[in-house]
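Here's the structure we're looking at; comments come further down.
No lab work stands behind these numbers, since they all come straight from the coordinates. As the structure is a prediction and not an experimental result, all values here were calculated from the model. Don't worry about glycine lacking a Cβ; one is built from the backbone with ideal geometry, like all the others, and counts go over all protein chains shown.
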Amino acid sequence: MKPQKTAIITGAGQGIGLAIAEKLAAQSVNLILNDLEEGLISEACERISNIHGVSAIAIPGDASSQKVIDAMVQTALSNFGTLDIVVANSGITLFGAFLEYSRADFLEVTRVNQAGTFFLAQAASKVMKNQAHGGALLFTSSVTAHQSHENLAAYAMSKAALEMLAKNLVLELAPYKIRVNTIAPGATVTNRTVMDPDYESTWSKITPLGRPAAVQDIANAAAFLVSDEARHITGQTLIIDGGWTSVSPSPYA
């Protein structure tokens, strides 16, 4: 019988992060879940534990804070003795035209999206390198790292940086059997995007497969990349967009 795995997932209170947590819980993975909103993440942990019978521990707070990062890693070790999977999913989007974009917004996007991912990966890797089996890191990028999108220059830049980070870390982490990959979701129906009444119809028209992604579509890809079935895949980015980046029509046209 294989030993039970432990995963850290940030931004897991709702949307894609929550769907990834539910997918891994269904595979009997114990979870350390983070979200900025304490109520969301506590509710998610309680529900996941009740449904799937795994341990799900909430660590609320800013995922880019070193204090929160250290708490997540130490909670994994103290409760389960291992850290096998990290999904750095937390991120923010601050829209704005390039010519008017503020330094404050730029630095905030960079702090959360880039620094948060970088230092969580660093802390986790310091643990994983001492495990005979290594581990798996997964970063959440975006199709905007591959195709320009109006009013998202800073966000797209931050997401493209994560894909390069994954490639670069292969050199340093592969000797420790630590794999590093990235998912790049396209338009996805989430709690946030459904607030736009035209979102689903707009993206259904311009997506070759005829619909935006469901969060489960993203979770399925994520679960594969952190699984043993993907043990020879590292340094890669998997775009999950129903074919949109192949043709890239604007949703604003």
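Which value in deg cm²/dmol, rounded to the nearest 500, describes the helix-derived mean residue ellipticity at 222 nm for the chain, given -39,500 (n - 2.57) per DSSP H run of n ≥ 4 and division by the residue count?
Result for the chain: -13000 deg cm²/dmol, rounded to the nearest 500.
Please sort by residue number the trypsin sites (Lys or Arg not before Pro) in region 104-199 whose DSSP state is loop and whose Cβ has at most 12 other Cβ atoms within 10 Å.
Sites meeting the loop and neighbour criteria: 192.
Between residue 49 and residue 229, take the C-beta separation as r, use R0 = 41 Å, and let me know the FRET efficiency to the nearest 0.05.
Here the calculated transfer efficiency is 0.95.
So for region 1-109, taking the charge dipole from beta-carbon charges (+1 Lys/Arg, -1 Asp/Glu), which of 90, 61, 6 sits furthest toward the positive end?
It is 6, whose Cα lies furthest towards the positive end.
Quick one: dipole size for region 6-247, taken about the Cα centre, charges +1 on Lys/Arg Cβ and -1 on Asp/Glu Cβ, in debye to the nearest 20.
Dipole magnitude for region 6-247 comes out near 700 debye.
Express the relative contact order of the chain as a whole percentage, based on alpha carbon pairs under 8 Å and six or more residues apart in sequence.
This gives 18 percent for the chain.
For region 1-147, what does the relative contact order come out to in percent, with C-alpha contacts under 8 Å and a separation of six or more?
Relative contact order of region 1-147: 24 percent.
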